[in-house]
Amino acid sequence: MTVRLRAHHLLCMLTYVGRGYSPAFVANYEHIAARLTAGEEIEIVEGPDDICAPLLRDADCHCLGDGVVRRDVAALDAVAALLGGPLPPGTRFTPTASLITRLRKTFATGKIRTACSGCEWSTLCDGVADGGYLGVRVLP
């Protein structure tokens, strides 16, 4: 199988520590984190992805908002620049240990965090990165 991720979730997965919007969201994310840790392939998608799934039933689902779309664009640009090439929708790759480590090192420096500006989880992610990524669920 393949984990479908929107671009800004490439950053979110780096600091996910088991917190989220609802119990259903967290349960779903825990399952996805385990799949990513097992090396399951990632496919870049536009719009809501596998992580968003439990939230899509809500009438005011933020996953469809303009701010989230802007976050995706910024994250895609940053990650693509780091990896040295475009990441159009449909791109597939494996989250190897070296890739996760490289992303986390760069995330900790702030170089790929433009997409995080204004995110309600930014303070949590700052603490996770500053703390050496203790307790993260997606392991290299």
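Since every read-out is calculated from the coordinates, none of them should be taken as a lab result. All values derive from a computational prediction rather than experimental measurement. Quick reminder, even Gly has a Cβ in these numbers, built from the backbone with ideal geometry, and neighbours come from all protein chains shown.
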- Message: Using only the alpha-carbon atoms, what does segment 44-140 span along each of its principal axes? Please give whole angstrom values in decreasing order.
- Response: 37, 29, 22
- Low-density loop cleavage sites - trypsin sites (Lys or Arg not before Pro) in segment 77-126, where at most 14 other Cβ are within 10 Å (DSSP): Lys111
- Rounded to the angstrom and largest first, Cα extents along the principal axes for segment 26-72 equal 32, 21, 12
- Message: Please compute the length gained on full extension between Ser122 and Ala27, using 0.36 nm multiplied by the number of residues separating them and subtracting their Cα-Cα distance.
- Response: 32.1 nm
- Message: Quick one: 3J(HN,Hα) in Hz for segment 54-69, Karplus 6.51/-1.76/1.60 with θ = phi - 60°, rounded, Gly and Pro as x.
- Response: x, 8, 5, 6, 6, 4, 9, 4, 6, 4, 9, x, 4, x, 5, 5
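For Arg19 and Leu83, FRET efficiency with R0 = 25 Å and r from the beta-carbon atoms, rounded to 0.05? Show your work: numbers first, answer last.
Details: r = 27 Å, r/R0 = 1.10.
Calculated transfer efficiency: 0.35.
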